[in-house]
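> Got a structure for you, questions after.
What follows draws every value from the coordinates through simple rules; no lab data is involved. Remember, predicted model here, so these are calculated numbers, not experimental data. We place every Cβ from the backbone using ideal geometry, glycine too, and count neighbours over all the protein chains shown.
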Amino acid sequence: MSKRTQSIRSMFSAQPDDSSSIDKTSIPRVTSGAVKSLKETFSGVERDYQELREKFAGGSVAIEIDADLVDPSPYADRFSEQDAPSFQALKQSIAEHGQEIPILVRDHPTSPGRFQSAYGHRRVRALRELGRPVKAYLRPLLDEDLVLAQGIENSTREDLSFIERAVFALRLEEAGFQRAVVQSALSIDRAEASKLIAVGKSVPLDIVDAIGRAPKIGRGRWQILADLLQGEEALSRVRKVLESERLKQKPTDDRFVALLAAANQRHGKSAALSDVMVARDEAGNDIAVLRQSAKHCQIQIDRSRNSAFAEFLMQKLPDLYEAYTNERSERE
């Protein structure tokens, strides 16, 4: 008999070779310390399991979801994908390096087994086309939580165009959200929210869809277009231009410029370029917009971005005007 077998038998019998004569008093007892240690081990495993369950329930651990089961937020903050090169670059990056940042989803409120994303719809589309699952944080989000999560994501990226922000604000208002929620979702004050919603209401959605994101077009020119479209003749001219196949081939910013020119048309002729002039910085961002009518010249400056510059400009206007008059006198 091997020593190992003998050792094992000795745990159950005082006489390893005679199993029929077991001395019960010789059975070793498990000490209370060993029992306590075993209980602590099971308790530790149970705690770890419970903690993991809570993390999954709270959405702090990413899970994998079939991309075909993920629907976009009902409160879209971005327009349909129009920048094909940008999307292809994202798709290629995911194909080569995988999905680095999980998206945020909730259980679909009306379709069991499906999900709604708070953000990350471009990643979902790319993964769907690649045939890969989506890494996502699953959290129990109310509608208000959903739109606030969208706002937080966008505030860190800062790439929503003006009109996307305006349409998003309008959609939230029409969905019944309080103005405070709109402000929080877009990280703006009440005055800015009012301006966004006003433009969103004034420009018909079919015209907005035809123009697209127009990332280089700021609030000033959108407000000009919104004002012009209050006239039936201007609205009719713009809708006629929308039928042009040539317009559809233009980049989004150029489409805006073409429709603004159509809205500003007078007596069958396009208004002079000086009727609407835009000053931009080196990055292409709008600094100020000059709009001229028969009697007035109006300079508009985005207060949310350039309020201090507007005050600076007012202080410098007397000096600028003097320099202008002196230069004009010298020319004459």
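> Using r as the Cβ-Cβ distance of Ala175 and Ala323, and R0 as 51 Å, what FRET efficiency do you calculate, to the nearest 0.05?
Calculated value: 0.50.
> Quick one: of Lys135/Lys216; Lys201/Lys250; Lys195/Lys216; Lys216/Lys240; Lys135/Lys250, which pairs are farther than 27 Å apart, Cα to Cα?
Lys135/Lys216; Lys135/Lys250
> Find the relative contact order for segment 56-142 and round it to a whole percent, using C-alpha pairs within less than 8 Å whose residues are 6+ positions apart.
Once divided by the residue count of segment 56-142, the mean separation gives 48 percent.
> Would you kindly state how much longer the chain becomes between Lys316 and Ile101 on full extension, computed as 0.36 nm times their sequence separation minus their alpha carbon distance, in nm to one decimal?
Between Lys316 and Ile101, full extension yields an extra 72.6 nm.
> Can you give the FRET efficiency for Glu64 and Arg239, using 1/(1 + (r/R0)^6), R0 = 56 Å, r = Cβ-Cβ distance, to the nearest 0.05?
The pair Glu64/Arg239 has a calculated efficiency of 0.75.
> Describe numerically, in nm with one decimal, the distance between label points set 7 Å from Cα along Cα→Cβ at Lys248 and at Asp189.
The answer from the label model is 4.4 nm.
> Using 7 Å Cα-to-Cβ label points, what is the Ser202/Glu144 separation (nm, one decimal)?
3.1 nm
> Then there's this: Just to verify a number: FRET efficiency for Ile152 and Gln88, C-beta to C-beta distance, R0 = 35 Å, to 0.05?
Once the sixth-power term is evaluated, E becomes 0.80.
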